[in-house]
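Q: Got a structure for you, questions after.
The values are calculated or read from the model by the stated rules, or taken from the named source; none is laboratory data. Computed from a predicted model, the values in this text were never measured in an experiment. Heads up, the Cβs are rebuilt from the backbone with ideal geometry, glycines too, and the neighbour counts pull from every protein chain shown.
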Amino acid sequence: MSSTTNHIPSLEAARIPVLEVGNLCVSYKGHGGIQKVVHNIAFDVHPGEVVAIVGESGSGKTTTAQAVIGLLAENGSVDSGFVKLNGTDISGWSQRQLDTIRGGKISLIPQDPVSSLNPVKTIGDQVGEILRIHRWGNQREIDARVLELLARVGLSQPELRAKQYPHELSGGMRQRVLIAIAVALQPALIIADEPTSALDVTVQKRILDLIDELRRENGTAVLLVTHDLGVAADRANRLIVMKDGRVQEQGPTEEILASPKSEYTRQLLADAPSLRGAQRLSRGGGVRHEEQGDAIVVENLIQDFSVRGGTQETFRAVDGVSFKVRRGSTHAIVGESGSGKTTTARSVVGFQKPTSGRIVVEGVDVTTLRGDALRQFRQTIQLVYQNPFGSLDPLQTVFQIIEEPLLNFERIPREERAQKVRRILERVGLPEAVLERKPRALSGGQRQRVAIARALILNPKVIILDEAVSALDVTVQAQILRLLDELQQALDLTYLFISHDLAVVRQIADTVSVLHNGRQVDVGTVEEVFRRPKSDYTRELIKAIPGQRGSAGSDISLSLLGASS
């Protein structure tokens with residue numbers, strides 16, 4: 001049964017909204033004056049219902065959520081409209097008044113568990129704090145309630161976790177702590193602002209399942225803020241699609257998925273890799289170049305690291321990984337955090353010498369390279385990193401960023417370098433006007449195009465893409481994937497594509513390795529691995545891909561492979 005029809009509260013209970021937002025307008029005051037960022041937003045959320053606000057960065061979705069709970073930045077203000085909680089207008093309340101209902105009537109699950117938890121307070125203290133603020137019982141009762149909550153959100157050994165500090169927990173565990181704080185007083189409304197965007201896909205599914213379970217038990221209403229249309233399709237009764245601070249459309253999830261009214265929503269659906277509407281890229285390179293042999297050969301790669309503390313103990317990050325990549329094709333390495341995928345990529349590019357095993361790239365045994373030979377090898381293979389906001393020098397212009405590899409390797413006249421920079425800029429679809437700008441003046445998609453241009457300037461044969469689209473909004477992600485496909489076919493490039501996202505992998509990859517705890521648990525063509533996974537872990541990864549529970553994702557194997565049903 002579709003999740004969009006499950007657990008709807010009774011009509012009587014659903015008549016009175018927990019949250020009602022009417023004609024809400026929000027603006028920010030900055031150096032350039034006042035900028036209106038949310039325009040006449042109106043919606044409601046009923047008991048036991050999940051309403052998802054979806055949209056890209058800058059759409060106004062997080063600002064809307066912050067306005068609801070009264071947590072706008074200091075330079076933000078609600079200009080007009082109202083926010084009603086259980087029929088009471090709270091939009092004009094002071095922070096002191098809002099403090100009386102935050103946690104008790106309305107709670108927030110923030111996006112980033114690292115910055116949201118106090119690093120110098122124990123987990124138990126932080127969960128107990130919300131109970132103390134609202135004068136819930138004596139200290140002994142609070143201590144017992146903390147352990148009960150930690151157990152309820154699925155944390156093992158709650159007594160131990162209560163004494164630990166945030167840095168001692170994984171990202172998924174920290175997010176469970178935030179959920180424990182949010183549900184401690186059984187609020188009528190939970191605002192979940194991108195609660196799983198930084199988590200691996202299987203952890204994401206467990207966290208979303210937990211929120212859903214708590215909602216069903218307590219009849220809590222949930223306002224889910226997300227850029228992931230697959231997550232929204234799985235979890236929400238109704239969708240609100242936002243762009244540039246305005247609602248493009250809203251309505252029942254199944255109706256919008258089946259028949260979107262706005263062009264923007266149609267584009268979001270078409271670009272969402274986990275929904276049926278996302279098209280497989282042509283991926284012609286692998287077939288065309290099959291007779292040309294292998295660009296990358298990895299045999300029995302083992303990578304050990306010393307454990308800190310001066311002991312002789314080692315940690316095995318990669319354990320016997322083997323695969324081959326045909327010239328002109330794309331091989332994906334997928335897995336969750338700690339699976340060994342990035343360590344494997346760094347070994348292939350020559351950033352670290354493996355403990356044992358063989359790595360051959362374009363006929364060169366990488367493990368034997370030293371000094372200048374290793375430096376010259378960098379012209380054959382280049383790396384594009386995950387985060388375009390952190391991988392570009394903020395002090396350099398775009399021209400300087402793209403030109404820099406030429407200065408490191410080739411002695412060519414300045415004018416010839418400038419021509420090469422302009423040609424490669426055009427190749428990645430950027431206008432010449434950006435050359436004198438610095439990274440901060442570019443969008444995320446433009447920055448990643450600059451990073452790709454920098455990697456291409458030396459005419460490499462192999463490019464390693466380490467989570468190169470995971471930090472991008474879905475439509476920008478789709479544009480970069482199409483660009484990579486076009487470049488591969490035009491320039492005969494071989495890609496090693498590192499990702500935790502199987503839905504993206506099926507769009508761009510020809511072959512795939514699945515890593516788990518440093519071991520390769522599946523390898524083969526994308527079709528083979530998706531249709532007939534050999535390991536339970538791969539089956540769990542495929543099952544956890546968002547976007548399958550709605551009407552659009554009835555058969556995941558066929559849907560993800562673009563087969564007709």
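Rundown of residues vs (1) over 30 Å from Phe315 (Cα atoms); (2) of a type in the set (Gly, Ala, Ser); (3) in contact (Cβ under 8 Å) with a residue 12 or more places away in the chain; (4) in a helix (DSSP H, G or I), yes/no style:
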| site | (1), (2), (3), (4) |
| --- | --- |
| Ile359 | no, no, yes, no |
| Gln382 | no, no, yes, no |
| Gln386 | no, no, yes, no |
| Phe389 | yes, no, yes, no |
| Pro394 | yes, no, yes, no |
| Glu403 | yes, no, yes, yes |
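Q: I'd like the residue in the range 361-375 that is in a helix (DSSP H, G or I) and either modelled with pLDDT under 90 or of a type in the set (A, V, I, L, M) (or both) and, out of all such residues, is surrounded by the most Cβ atoms within 10 Å (Cβ to Cβ).
A: Val366
Q: Here is a list: Ile464, Ile457. Which entry is in contact with a Pro (Cβ under 6 Å, 6 or more places away or on another chain) and of a type in the set (Val, Ile, Thr)?
A: Matching residue, one of Ile464, Ile457: Ile457.
Q: May I ask you to say which residue of Leu275, Leu268 is in contact with a helix residue (DSSP H, G or I) (Cβ under 9 Å, 6 or more places away or on another chain), within 26 Å of Lys205 (Cα to Cα), modelled with pLDDT under 95 and not in a helix (DSSP H, G or I)?
A: Unique residue meeting the criteria: Leu275.
Q: Looking at (1) in a strand (DSSP E or B); (2) out of contact with any Ser or Thr (no Cβ under 8 Å at 6 or more places or on another chain); (3) among the β-branched types (Val, Ile, Thr), can you tell me which one Val177 breaks?
A: All conditions pass for Val177, except number (1).
Q: Among the candidates Arg378, Arg449, single out the residue that is of a type in the set (D, E, K, R), within 20 Å of Ile480 (Cα to Cα) and at pLDDT below 95.
A: Arg449 is the lone residue from the list that is of a type in the set (D, E, K, R), within 20 Å of Ile480 (Cα to Cα) and at pLDDT below 95.
Q: Here are the criteria: (1) over 27 Å from Ala295 (Cβ atoms); (2) in contact with a strand residue (DSSP E or B) (Cβ under 6 Å, 6 or more places away or on another chain). Tell me which single one Gln386 does not satisfy.
A: Exception for Gln386: condition (1).
Q: Where the second residue is part of a loop (DSSP other than H, G, I, E, B) and buried (at least 16 other Cβ atoms within 10 Å of the Cβ) and the first is of a type in the set (Lys, Arg) and lies in the range 428-446, which pairs have Cβ atoms under 9 Å and are six or more apart or on separate chains?
A: Arg437/Thr397; Lys438/Leu392; Lys438/Thr397
Q: Looking only at the range 414-423, decide whether some residue is hydrophobic (A, V, I, L, M, F, W, C) and surrounded by 17 or more Cβ atoms within 10 Å (Cβ to Cβ).
A: Within the range 414-423, one or more residues are hydrophobic (A, V, I, L, M, F, W, C) and surrounded by 17 or more Cβ atoms within 10 Å (Cβ to Cβ).
Q: On to the next question. Residues in the range 484-503: is at least one closer than 30 Å to Glu362 by Cα, surrounded by fewer than 24 Cβ atoms within 10 Å (Cβ to Cβ), β-branched (Val, Ile, Thr) and modelled with pLDDT of 95 or more?
A: no
Q: Write out, first by first residue and then by second, each pair whose Cβ atoms fall under 7 Å of each other, whose residues are 6+ apart or on separate chains, and whose first residue, in the range 530-544, is closer than 13 Å to Val505 by Cα while the second is part of a loop (DSSP other than H, G, I, E, B) and of a type outside the set (A, V, I, L, M, F, W, C).
A: Listed pairs, sorted by first residue: Ile542/Pro533.
Q: Can you name every residue in the range 100-128 that is of a type in the set (D, E, K, R) and either without any contact (Cβ under 8 Å) to a residue 12 or more places away in the chain or under 11 Å from Leu185 (Cα atoms) (or both)?
A: If the condition is that a residue be of a type in the set (D, E, K, R) and either without any contact (Cβ under 8 Å) to a residue 12 or more places away in the chain or under 11 Å from Leu185 (Cα atoms) (or both), then Arg102, Lys105, Asp125 are the ones that fit.
Q: Among Gly33, Gly70, Gly48, which is more than 24 Å from the chain's Cα centre (by Cα) and modelled with pLDDT under 90?
A: One residue alone meets the criteria, Gly33.
Q: Out of curiosity, is Ser499 in contact (Cβ under 8 Å) with a residue 60 or more places away in the chain and in contact with a Phe, Trp or Tyr (Cβ under 8 Å, 6 or more places away or on another chain)?
A: no
Q: Something else: When you scan the range 322-334, do you find a residue that is part of a loop (DSSP other than H, G, I, E, B), among the charged types (D, E, K, R) and farther than 20 Å from Val514 by Cα, even just one?
A: Among the residues of the range 322-334, at least one is part of a loop (DSSP other than H, G, I, E, B), among the charged types (D, E, K, R) and farther than 20 Å from Val514 by Cα, which makes the answer yes.
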